[in-house]
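Working notes, structure below.
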Protein chains: 2
Amino acid sequence: MKFVENALGRHVPVEIEGRELIPYKGAFTDPISKMARRKYANPIPKSHPEWLTGESKLCKNLEDAVKRSGLSNGMTISFHHHLRNGDYVVNMVLNVCDKLGIKDLTIAPSALFPIHKPVIDYIRNGVVRNIHGSMNGPVGKFVSYGGLPGTAVLRTHGGRVRAIEDGDLKIDVAFIAAPCADDYGNANGVYGPSACGPLAYSYVDAMYADKVVIVTDNLVEYPCLPISIPSTHVDYVGIVDKIGDPEGIVSGTLRITRSPTRLYIANLAAKFIRESPYYKNNMSFQTGAGGISLAITKDLGEFMEQDGIKASFINGGITKFSVELFKRGLVRKLLDGQVFDPVAIKSFRDDLWHQETPMTMYANIHSKGCLVNRQDIGFLGATEVDLDFNVNVNTHSDGLLLHGIGGHTDVAAGAKLAMIVIPSYRKRIPVLRKRVTTVTTPGETIDVIVTELGIAINPLRKDLIEHFKNSKLPISSIEDIYSDVMKIVGGEPEEPKLKERIIALIEYRDGTIIDVVRQVEGQYN
Amino acid sequence: MKFVENALGRHVPVEIEGRELIPYKGAFTDPISKMARRKYANPIPKSHPEWLTGESKLCKNLEDAVKRSGLSNGMTISFHHHLRNGDYVVNMVLNVCDKLGIKDLTIAPSALFPIHKPVIDYIRNGVVRNIHGSMNGPVGKFVSYGGLPGTAVLRTHGGRVRAIEDGDLKIDVAFIAAPCADDYGNANGVYGPSACGPLAYSYVDAMYADKVVIVTDNLVEYPCLPISIPSTHVDYVGIVDKIGDPEGIVSGTLRITRSPTRLYIANLAAKFIRESPYYKNNMSFQTGAGGISLAITKDLGEFMEQDGIKASFINGGITKFSVELFKRGLVRKLLDGQVFDPVAIKSFRDDLWHQETPMTMYANIHSKGCLVNRQDIGFLGATEVDLDFNVNVNTHSDGLLLHGIGGHTDVAAGAKLAMIVIPSYRKRIPVLRKRVTTVTTPGETIDVIVTELGIAINPLRKDLIEHFKNSKLPISSIEDIYSDVMKIVGGEPEEPKLKERIIALIEYRDGTIIDVVRQVEGQYN
């Protein structure tokens, strides 16, 4: 296998499994866009007589839908993760494939969760050969120990839609879990027992997959409104008893962190934003559902109220905390790729200025301008960051691949103020490292790192350093914070024990390879 | 020029200007879908550094936008017609092209109106060489007399989106008039002095044109919501003083016909619907803005109220009369490609179950199922119909091409009950003919013709004939009605005086050629 050193000094292969790879060349170089390539072109659908006469697309059951889709050995099937850890559809579809004797599939979920642990069995018995998509938890661990025959590919939310639109990830059959759908395939996520809000991750699958199967447990009268997924792109509708477990889909208990250290870090981040040049009327920011992120959202809201600042929009994962800012008039618009709780679903359904943003709109670098490019502030997490401000969100220091990328890299590149907000160590393992185990997001796109030991501004941001030079905030250098962490935890952790074999590629949002993940020694258990 | 006879016995060329043509083979044969062709693939956009950093796409003015779009001789540019007879944008863009010395353009408007009469000057001076699109009024007349160097192509609403998606109509630069837009290109039609409702005709242009220019007179704060046209597909935003004349965009005076004959015809049509098997709960129908159509809508609404019938949805052009049925709970949902008055705009903007339907959703035969396929009832007009139930909506009996197709052919093919509702003659010229001057919509897709002289059911619809055999409605045969009309008007009108030259092709919704329009003898004046 031939390797080259990419722009971050990481050794990446130039080819894997017959696929030519382009090494990462810098955060804004975007080499594919200079190749005069065209996007993927769908086949012109053969006009089913049924379609012409408006016949129902209902199948007898999921098995019937799989059969009619023409799914066969070696194909690629896709899923979305709006049902998160409550999703039943991935496992159900693979069960049907197993039953039908279909082998060697590549699955392309936008993300897998612990509930998808049965995927491991389908890898073991040959139904699944490869995974293009994020793996949170057990499947990632299994893959880390070399359990997957193929080489997995991890992409950002924006990178996944880019890959599909550009034809790098060709989907034969998309299975779209839909909390609400009609018999012609129009679908949304806002009504029904498995309501999840937007279906934004799957829009690109519907647009580009050769065959599209809607899987629903809530068939409604045609035409199902609002239309997140349009009938124009749906081949079949399969009814199942339940597409998911509401407990795992939405959280009734989203909670701001209670850790005093994390509350302190969140408050530091909010204060940094307040002092920054981006804190002004019409600013925009992104929120997440993590404990620190929720705390920042709350603190920031309080500052905005005190200071009479009104934001233009919140981008991204929407929670009841974002909705509260919206309802109080502190934020005018909510742009929504994913929601996390029933309050957010209700607002998404009913409020005209709370709108769905398909992933190409959210973060596709090969669009003509997406939301993250227009976002002022983003606060993000990490498993590790290093002295070059590179960020790892995928692996732990032991080398295990346990997390997906989400929109991390996209937001970092797009937001004018991209902040990593993290404790400097977790369970005596430093989060701040000399060199991250895996680079997910390049340091040149990270502006600030906020920890309980201080705030480090990226030296590339001379303007910000100048702006904060008289600040009373604990602004420090990344090296000083690093040295403080090392004193606390007693040094760098052991290097992970890795084998030669590459088990996953980390693809930058522009389609280049920013890093690889190698197999961890030992056995999955 | 080589000709073949198509399935309707019309002689159509097999090639024009280097473009291979497929003769019409029947309403549901759809030969292109059997060719295993792929849809058009857009170039992957070159990542502007401006886009990556979220810079504004605002141009200094429209001229600057045209220049930056790279528009040059021989290219194809497109427009939508949501501003109808109030649109300023077509003329303004052509004026700029003229000023910049750009020649030989093909313009691809979804439709032209009398306000676009200046297009004639731009044809004469060489700026415009050809037209792919509907021509209502003077431009059509000018083209009829041979004024256009190229051979025009007329398509249905669904056929236009098919042609663009399939790559038969390649648009270099789309100019999208937007009543409301932000500096990044997100646009809608619901706010501002030129509000027009949906921008549904132009969605496909935005998706498939190589360059997209938003032309607006109402720049709003980013992000402009709702998003009818997304920034992800917009290259430039050009600001002008006014994109249109509100008087021509919306009608404050939509009026039900006052002609007793037409009221009688409308009432007959409503009664026919009431007696038909399609008149039941959850039925769906399409309404238009013409005087007869409005009268049917009103009568049908009264019947529904009396009979306790509630419809599922109204498809298509929405007026205050449709909104009234919606508000009274007689119709649950409005699916909207175009609105005609301020009441409809307001409902479109505010009502969650009044939603925009891009044209591929409305009527694209090369989608996996569009709205017209799901529609029960459609009532449509005609300039002529003939004994084979073929319909002409494009030309008059003198051969002049004065009207576009709209969704006529799409609805006829899709609706389970496709009705032509017409007076049997106009100004002593029979509407009912032995053979229509031009076939727009094939007779096999027309179920019923309603005139003041009687109702003719297509003999192909044996089921309907059986259903109505005991009806007290004046059901007759097309031949009998024809013979009655002939008695009144004194016979068929003179054959039009035509030259050999084909000035326009009439393309069926599946991309085949259903008829041609030949040059009329004489001079345009």
Exercise for review: Work out how much length A:E15 to A:E305 would gain on full extension: take 0.36 nm times their residue separation and subtract the Cα-Cα distance, in nm to one decimal.
Suggested key: 99.1 nm
Check your understanding: How would you rank B:495-503, A:403-411, A:279-287, highest first, on the average number of other Cβ atoms within 10 Å across their residues?
Key -> A:403-411, A:279-287, B:495-503
**Study point:** Reachable lysines from A:K271, criterion Cα separation under 18 angstrom, eight or more residues apart if same chain
**Key:** A:K280, A:K298, A:K310, A:K416, A:K469, A:K472
Study note, to complete from the structure: Sorted by chain and number, the residues with a modelled amide H under 5 Å from that of A:D87, at a separation of 5 or more or across chains, are A:D245
Check your understanding: Between B:Y40 and residues 5 or more places away or on another chain, which pairs have amide H atoms under 5 Å apart, with H built 1.01 Å from N, and which residues are they?
Key -> B:D166, B:G167
Review point. Among B:96-103, B:307-314, what's the highest-first ranking by average C-beta atoms within 10 angstrom per residue?
Key: B:307-314, B:96-103
Study note, to complete from the structure: Between A:N73 and A:D121, the FRET efficiency computed from the C-beta separation at R0 = 25 Å comes out, to the nearest 0.05, as 0.90
Practice item. Please give the residues from the stretch B:350-384 for which the solvent-accessible area of heavy atoms, probe 1.4 Å, is smaller by at least 40 Å² with all protein chains in place than with the chain isolated. Key: B:L352, B:W353, B:Q355, B:M361, B:K368, B:G369, B:N373, B:R374
Study note, to complete from the structure: Per the helix-only model, chain B has a calculated mean residue ellipticity at 222 nm (DSSP H runs of ≥4, -39500 (n - 2.57) each, divided over all residues, rounded to the nearest 500) of -7000 deg cm²/dmol
Practice item. Using amide H atoms built 1.01 Å from N in the peptide plane, name the residues 5+ places from B:L58, or on other chains, whose amide H lies under 5 Å from its own. Key: B:V237
**Study point:** Other copies of B:K499: label-to-label distances in nm, shortest first, labels 7 Å along the beta-carbon direction
**Key:** 7.9
Review point. Relative contact order (percent) for the stretch A:136-262, with alpha-carbon contacts under 8 angstrom and 6 or more residues of separation?
Key: 25 percent
Practice item. Take peptide B:219-230, look around each residue's Cβ out to 10 angstrom, count Cβ atoms belonging to other protein chains, and average those counts. Key: 4
Check your understanding: Can you name the residue in chain A whose Cβ lies closest to the A-to-B rotation axis, and give that gap in whole Å?
Key -> A:A41, 2
Check your understanding: Of the cross-linked pairs A:K333/B:K170; A:K211/B:K462; A:K117/A:K170; B:K46/B:K170, which ones have a Cα-Cα span greater than 28 Å in the structure shown?
Key -> A:K333/B:K170; A:K211/B:K462
Review point. Could you name the aspartates and glutamates in cross-link range of B:K487, using Cα to Cα under 13 Å and dropping any fewer than eight places away on the same chain?
Key: B:E479
Check your understanding: What are the nm distances, shortest first, from A:F3 to its equivalents in the other copies, labels at 7 Å along Cα→Cβ?
Key -> 7.3
Review point. On full extension of the chain, what length is gained from B:L352 through B:N267, given 0.36 nm per residue of separation minus the C-alpha to C-alpha distance?
Key: 27.4 nm
Check your understanding: Counting only protein heavy atoms and rolling a 1.4 Å probe, how much accessible area do A and B lose on contact, total for both sides, in Å² to 100?
Key -> 5800 Å²
Review point. Taking every residue in A:22-34, how many Cβ atoms of other protein chains lie within 10 Å of its Cβ, on average?
Key: 2
Revision key, fill the gap. Of every hundred units of 1.4 Å-probe accessible area on the stretch B:331-404, the number belonging to carbon and sulfur atoms, as a percent, is 59 percent
Revision key, fill the gap. Using alpha-carbon positions, the gyration tensor of the protein assembly as shown gives root eigenvalues a ≥ b ≥ c; with a/c under 1.5 called rounded, otherwise prolate if a/b exceeds b/c, else oblate, the class is prolate
Review point. Residue separation times 0.36 nm, minus the C-alpha to C-alpha distance between A:D64 and A:R435: what's the value?
Key: 128.5 nm
Review point. Shortest first and in nm to one decimal, what separations exist between A:N91 and its copies in the other chains, measuring from label points 7 Å along the Cα-to-beta-carbon line?
Key: 6.6
Practice item. Looking at the protein assembly as shown, send over the antiparallel percent of its DSSP beta bridges, to the nearest 5. Key: 35 percent
Study note, to complete from the structure: Simple spin-label estimate for B:K103/A:A7, 7 Å along Cα→Cβ, in nm, reads 4.5 nm
Study note, to complete from the structure: In order over the stretch A:166-179: 3J(HN,Hα) from phi, Karplus 6.51/-1.76/1.60, θ = phi - 60°, whole Hz, x for each Gly or Pro, gives 7, x, 6, 10, 9, 9, 7, 9, 9, 9, 10, 5, 10, x
Exercise for review: Under 1.5 on a/c is rounded, so check that first for the stretch B:1-154, then, if it is not, pick prolate when a/b is larger than b/c and oblate when it is not; a ≥ b ≥ c are the square roots of the alpha carbon gyration tensor eigenvalues.
Suggested key: oblate
**Study point:** Antiparallel bridges, percent of DSSP beta bridges restricted to the stretch B:169-290 (to nearest 5)
**Key:** 25 percent
Check your understanding: When DSSP beta bridges are limited to those with both residues in the stretch A:56-250, what percentage is antiparallel, rounded to the nearest 5?
Key -> 15 percent
**Study point:** Distance (nanometres) between label positions extended 7 Å along Cα→Cβ at A:K280 and B:E247
**Key:** 4.3 nm
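The values are calculated or read from the model by the stated rules, or taken from the named source; none is laboratory data. Because the structure is a prediction, the values reported are computed rather than measured. Positions of Cβ are generated from backbone atoms using ideal geometry, with glycine treated the same way; all protein chains shown enter the neighbour counts. Protein only, heavy atoms only, side chains kept; ligands, DNA and RNA dropped before computing areas. Shrake-Rupley method; radii C 1.70, N 1.55, O 1.52, S 1.80 Å.
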